[in-house]
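The structure appears right after this line, and notes come after that.
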Amino acid sequence: MAAIEASGLCLDFPFYHLGARSLKKRLLGGARLHTDPSNRVVVTALRNLDFRIVTGERVALVGPNGAGKTTLLRTLAGVYEPVVGRLLVEGQIGALIDVAAGMDPESTGRENVTLRGLYRGLPDAQCAELVEEVAAFAGLGDFFDVPIRTYSAGMGVRLAFALATAMQPQVLLMDEWFLAGDAAFMAKAEERLARLVGGADILVIATHDFSVVRRWCTRAIRMEGGVIIADGPAEEILAGMGV
C-alpha cells in the first residue's frame, strides 16, 4: 500500500557569498532567515511539517505564492532532502513537477525516453513500446529525434507530459503548471490525465485553481510561510479561505 508520512519535517536553503555584515543583518530581520552551525545565512523553506497521507486520498496543497507548496512536492519526490525530521514515502512515485527534471538537454527526445525506461527497470521490448507511445502522444514529429535543448517551452511540456503520464505511479505528485499547456494539447491530454489521477493510490497536487481542488481532491493542506496552518476535508479548508 502507498503512504506518505512526515514528522517534524524541516528544509533550509543556504545563501552563499553573503560576506557583508550589513547585508546579513538586514536579511536576518526576516522570520524565516537565520544562521546555521556553519554561520551561513539560511532561509527556512519548510518548518515542522507533520502529516500522513494514505491510499485513496486525493490531497491539494493550497496557499499563496511562496507558501512552500512546490517545495514540499519536490521534497516528497526526493529532489530536496530534509535537514531535520522524518519523511517516509512508500510506493512508486510519478512526479509532474518540473519539465526539465531527469532530462538531458543534449540528448534527443527519443534518447531521453529510452533512458527513463531503462532507469525504471523496463526490459528492452517495453522500453521500445514506451518510446513509440510517447512519440505518438507528444506529436513532436521530427523534433523527437533532435536534442531537447532546441525545443520550445511548449514542446518541452508535451514531451514531459507524454513521458510522465505513460507509466502509472502509485503516488502521483503534480504541480498545477502541468495543467497549463496549449489548449489543443490539453484537450487531447485531459482523458489521459484523468486516467492517471484515477489510477494512482495517492494524489498530491499543488494548485491555486479551486475548481481543480473541488473536482479531484478530498482533502486540502493549507500552507503559508513554509508551515501548515490547516489540514482537513477540502471543502472545509476552502470555506475557511472564503472561496
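Mind checking whether some residue in the stretch 132-154 is polar (S, T, N, Q), touching a helix residue (DSSP H, G or I) at 6+ places or on another chain (Cβ under 6 Å) and outside any helix (DSSP H, G or I)? Checked against the condition, which is being polar (S, T, N, Q), touching a helix residue (DSSP H, G or I) at 6+ places or on another chain (Cβ under 6 Å) and outside any helix (DSSP H, G or I), the stretch 132-154 yields no hits at all. For Ala128, the conditions (1) among the small types (Gly, Ala, Ser); (2) in a helix (DSSP H, G or I); (3) touching a helix residue (DSSP H, G or I) at 6+ places or on another chain (Cβ under 7 Å) are fulfilled apart from (3). Out of curiosity, is Leu203 touching a residue at least 24 places away in the same chain (Cβ under 8 Å) and part of a helix (DSSP H, G or I)? Judged against the criteria, Leu203 is not a match. For the stretch 109-130, the criterion of a residue being among the acidic types (Asp, Glu) and within 23 Å of Asp201 (Cα to Cα) is satisfied by no position. Just give me the residues in the stretch 211-233 being in a helix (DSSP H, G or I) and either closer than 19 Å to Thr165 by Cβ or over 18 Å from the mean Cα position of the chain (by Cα) (or both), in sequence order. Listed by number, the residues that qualify are Ser211, Val212, Arg214, Arg215, Trp216. Take Asn65 and decide whether it is of a type in the set (S, T, N, Q), modelled with pLDDT of 70 or more, within 15 Å of Val227 (Cα to Cα) and surrounded by 14 or more Cβ atoms within 10 Å (Cβ to Cβ). No; evaluated as a whole, the condition is false for this residue. Residue check: is Ala125 aliphatic (A, V, I, L, M) and surrounded by 18 or more Cβ atoms within 10 Å (Cβ to Cβ)? In short, no. Would you please list the contacts, defined by Cβ atoms under 7 Å and residues six or more apart or on different chains, that run from a residue in the stretch 111-140 that is in contact (Cβ under 8 Å) with a residue 40 or more places away in the chain to a residue that is surrounded by fewer than 19 Cβ atoms within 10 Å (Cβ to Cβ)? Partner pairs satisfying both residue conditions: Asn112/Asp104; Arg116/Gly102; Arg120/Met167. In the set (1) under 19 Å from Phe13 (Cα atoms); (2) among the aliphatic types (A, V, I, L, M); (3) in contact with a Gly (Cβ under 9 Å, 6 or more places away or on another chain), the condition left unmet by Leu73 is number (3).
Among the listed residues Arg21, Arg58, Arg47, Arg40, which satisfies the condition of being over 30 Å from Gln92 (Cα atoms), at pLDDT 65 or above and either charged (D, E, K, R) or under 20 Å from the mean Cα position of the chain (by Cα) (or both)? On inspection, the qualifying residue turns out to be Arg40.
The values are calculated or read from the model by the stated rules, or taken from the named source; none is laboratory data. From a predicted model like this one, the values you see are computed outputs, not experimental measurements. Please note: Cβ atoms are built from the backbone with ideal geometry, for glycine as well, and neighbour counts cover all protein chains shown.
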